[in-house]
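To keep things clear, I will list the structure first and then write my remarks on it.
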Amino acid sequence: MNKRILALSVALLAIVFYANAQSGFGIKAGLSYNTTGELKEFINETGTIIDNKGNGKSGYNFGVYGKLGLGPIFLRPELVYTKTTSKYILNSVAVDYRMARLDMPVLVGIKLIGPLNVFAGPAFQYVLDNDFKGFAYNNIENDFTVGLNLGASLELGRLGIDVRYERGFSQNEVEFAGVGPNVTYRLDSRPEQIIIGISYQLSAKK
């Protein structure tokens, strides 16, 4: 595993355990509606033949989180496995692009009224796998990227429900070999998704 992502994972887990000592930790899972960026076809590194923005499909995620309460403000680091799918029409055929990532959002939230919270923060993302069905994967520009999470949540005792928007900050192209000679496809793998999640707090500060 990439040393950078390993170091980040260890650091995040340390934050989670620290948050457990201060406030609480738990498990989480969610469903998402995901899209990625444009798909472009190149022949001999010249003119673009297609320019396809793609269509969203459902995805899922699951992981753990910690929570450090600071009065009305809280810090919530998460470590989450995420699987997403987007659909592209290529030569009149629907082709799915699947991605697996390890996501590490670090969220800062504010308690508003009753159980309602709002939050935002960076999401550090490490790409584990790419699959563009029927095409050979060549390379991805960056395994490690950064995005943004923002949303709102309800805390009902130990149970939490949240809705968030996620967007990758910068373009991150993945390249696939085309069917013909000297044909390549380049896809902007930057995610954009709406996520509905549920969480359960396993431990809380007494």
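Taking the criterion of being over 20 Å from Y60 (Cβ atoms) and either among the polar types (S, T, N, Q) or surrounded by 19 or more Cβ atoms within 10 Å (Cβ to Cβ) (or both), the only residue of the stretch 101-111 that qualifies is G109. Taking the conditions exactly as written (in a strand (DSSP E or B), out of contact with any helix residue (DSSP H, G or I) (no Cβ under 7 Å at 6 or more places or on another chain), modelled with pLDDT of 95 or more and surrounded by 13 or more Cβ atoms within 10 Å (Cβ to Cβ)), does R98 satisfy them or not? So R98 does not fit the description; no. Looking at S92, S58, which is the one that is within 16 Å of the chain's Cα centre (by Cα), of a type outside the set (D, E) and modelled with pLDDT under 90? Checking each option against the conditions leaves just S58. Suppose we filter the stretch 112-127 for residues that are closer than 14 Å to P77 by Cβ and either loosely packed, with under 15 Cβ neighbours inside 10 Å or among the hydroxyl-bearing types (S, T, Y) (or both); how many remain? Qualifying residue count, the stretch 112-127: 0. Of all residues in the stretch 61-81, those that are charged (D, E, K, R) and at pLDDT 90 or above total 2.
The values are calculated or read from the model by the stated rules, or taken from the named source; none is laboratory data. Quantities reported herein were computed from a predicted structural model and do not represent experimental measurements. For neighbour counting, all protein chains shown are included, and Cβ atoms are generated from backbone atoms with ideal geometry for every residue, glycine included.
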